[in-house]
Each structure stands twice: as structure tokens, then as C-alpha cells.
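A short write-up of the structure that comes next.
The values are calculated or read from the model by the stated rules, or taken from the named source; none is laboratory data. Since we're looking at a predicted model, the values are computed, not measured. Neighbour counts are summed over all protein chains in view; Cβ atoms, including those assigned to glycine, are modelled from backbone coordinates with ideal geometry.
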Amino acid sequence: MTDSTKLSVLEPELHAIVLAAGPSRRFGSPKQLIRVRGRPLLHMAVARASEVVGRSVVVVLGAEASRLAPLLRHSSAEVVINRQWERGISSSLRAGLGRLPPSCDAALIVLVDQPTVMATDLRRLAAAWRRQPGAPCAAQFASTLGAPAIIPRSFFPALAALAGDKGPEHFLRRYSGHVLRVPLDAAALDLNTPEDLLQLDSAGTA
């Protein structure tokens with residue numbers, strides 16, 4: 001076995017969870033279907049996660065799952081339907097974590113509604129985490145720690161214990177003293193309302 005092969009064997013195994021189960025109530029229609037540069041947000045989020053972790057992607061759908069699942073029929077990602085999506089994002093986190101294999105060392109949490117977060121941003125996050133794989137690693141924008149974020153397996157029980165609409169940001173605030181921070185201004189924009197889409201248009205991204 002060569003030295004390069006040994007390093008490959010020892011490298012921590014990273015999987016991605018793309019959270020796309022929300023009902024888009026504030027937006028008024030499924031934001032997973034919004035087209036940015038001609039592609040639905042759902043496609044973009046899955047493709048960018050795949051560029052970092054390969055085929056090790058779990059996509060959690062919930063509201064509008066029957067409309068969204070067909071978009072991924074040609075994807076290598078595993079689709080998980082969260083039947084309890086009305087209980088909030090915490091239920092989607094649990095659904096995603098429950099599909100990760102025992103070999104998974106950490107989960108890259110990706111939100112479907114962050115269109116300006118690119119694969120290069122996710123790779124920067126992964127590179128920072130690999131230097132200290134026992135610690136959570138998260139995007140920092142302004143004074144906020146949030147997704148995208150990488151959560152090591154040792155923190156999975158704490159992540160799965162979240163309730164209601166408490167998601168990655170709540171977890172990261174609780175463990176902020178342990179979190180590796182990667183400046184990532186692109187994570188500040190998420191599409192929750194039509195006004196957010198106008199902001200995206202004005203930035204010349206859409």
C-alpha cells in the first residue's frame with residue numbers, strides 16, 4: 001500500500017444532507033422549484049453538494065414531495081421523504097441523519113434555499129473541517145453561525161435532539177465554543193420571501 005493510498009483510507013468520510021422539505025409558506029409557492037440561471041434550486045443544491053461528496057448525498061423532501069421527487073429521478077442522491085415535515089426542520093435533520101451509513105464521520109448540512117452558496121464555498125468548508133475533523137465547522141456571516149455546516153458524528157445525538165423548527169443555527173449557537181468558523185458571506189442570502197428573490201435578481205445572480 002502506497003503512502004497516498006494510506007492517506008485516502010484514513011481520510012474522514014463526509015456525507016451531505018440537503019434539506020428541502022419545507023412548505024415555503026412565506027414564499028407562497030415551492031421555492032425548491034425556483035429557477036436560478038435556468039435550474040431549479042433543488043437541482044442546484046444537490047449538484048453542488050455532489051461536487052464535494054460525490055454520490056454520498058441524502059436529500060430530505062417533505063411538503064410537495066410528489067412534485068419534487070421526480071426532479072431527482074436521474075440523480076445519484078438518495079431521496080428521503082419526511083412524513084413529519086410539519087414538525088419543523090428538526091424532523092428533517094433526524095430523517096437525514098437516520099439514512100447516513102455507520103461509516104459516515106460527519107454530515108455536511110446544505111439548505112436548498114441558499115442559491116449563492118457555490119460548490120467552491122462547500123469545498124472551503126470541507127477543507128477547514130478536515131484539518132480538525134472532531135469539531136463542527138460552519139459558515140459565518142455577519143455575527144451569525146449557520147448552514148452550510150459540517151457536523152461530526154459525535155454531535156449527531158445533540159443534533160437529532162432538536163425539536164420543532166430549531167435547526168442548524170440553534171445547534172451551532174449552543175456549541176459555538178467548539179465550532180470552526182469559515183467566513184462565508186454568500187450564506188447570508190436565503191430565499192424565504194418573494195422580496196428575497198428580488199434581492200437575488202438585483203445582485204445579478206438569478
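Tabulated data for the structure shown
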{"item": "Lone unmet requirement of (1) over 26 Å from Arg87 (Cα atoms); (2) basic (Lys, Arg); (3) part of a loop (DSSP other than H, G, I, E, B) for Arg181", "result": "(3)"}
{"item": "Evaluation of Val79 against (1) under 19 Å from Glu13 (Cβ atoms); (2) crowded, with 20+ Cβ neighbours inside 10 Å; (3) not charged (D, E, K, R) (one fails), failing number", "result": "(1)"}
{"item": "Counted residues, the range 125-178 - those being hydrophobic (A, V, I, L, M, F, W, C), more than 21 Å from Asp113 (Cβ to Cβ) and in a loop (DSSP other than H, G, I, E, B)", "result": "3"}
{"item": "Where a residue in the range 166-180 is small (Gly, Ala, Ser) and at pLDDT below 95 and its partner, wherever it lies, is in a helix (DSSP H, G or I) and surrounded by 15 or more Cβ atoms within 10 Å (Cβ to Cβ), with Cβ under 7 Å and at least six apart", "result": "Gly167/Ile89; Gly167/Ser90; Gly167/Leu93"}
{"item": "Scan of the range 18-60 for residues that are closer than 23 Å to Thr193 by Cα, within 13 Å of the chain's Cα centre (by Cα) and assigned to a strand (DSSP E or B), ordered by number", "result": "Val18, Leu19, Ala20, Val59, Val60"}
{"item": "Qualifying positions in the range 165-197 - in contact with a helix residue (DSSP H, G or I) (Cβ under 6 Å, 6 or more places away or on another chain) and over 23 Å from Arg123 (Cβ atoms)", "result": "Asp165, Lys166"}
{"item": "Of residues in the range 61-91 being assigned to a strand (DSSP E or B) and aliphatic (A, V, I, L, M), the one farthest from the chain's Cα centre (by Cα)", "result": "Ile81"}
{"item": "Considering residues of the range 1-59 that are among the hydroxyl-bearing types (Ser, Thr, Tyr) and loosely packed, with under 13 Cβ neighbours inside 10 Å only, the residue modelled with the highest pLDDT", "result": "Ser29"}
{"item": "Failed condition for Pro115, given (1) surrounded by 18 or more Cβ atoms within 10 Å (Cβ to Cβ); (2) under 19 Å from His15 (Cβ atoms); (3) out of contact with any Phe, Trp or Tyr (no Cβ under 8 Å at 6 or more places or on another chain); (4) of a type outside the set (Gly, Ala, Ser)", "result": "(2)"}
{"item": "Single condition Val117 does not satisfy, out of (1) modelled with pLDDT under 95; (2) within 30 Å of Ala65 (Cβ to Cβ)", "result": "(1)"}
{"item": "Residues of the range 92-136 that turn out to be of a type in the set (Gly, Ala, Ser) and over 14 Å from the mean Cα position of the chain (by Cα), as a count", "result": "6"}
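Residue by residue, here is whether (1) over 21 Å from His170 (Cβ atoms); (2) among the aromatic types (Phe, Trp, Tyr); (3) touching a strand residue (DSSP E or B) at 6+ places or on another chain (Cβ under 9 Å) holds:
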residue	(1), (2), (3)
Val18	no, no, yes
Arg26	no, no, no
Gln32	yes, no, yes
Pro40	yes, no, no
Gly62	no, no, yes
Ser91	no, no, yes
Asp105	yes, no, yes
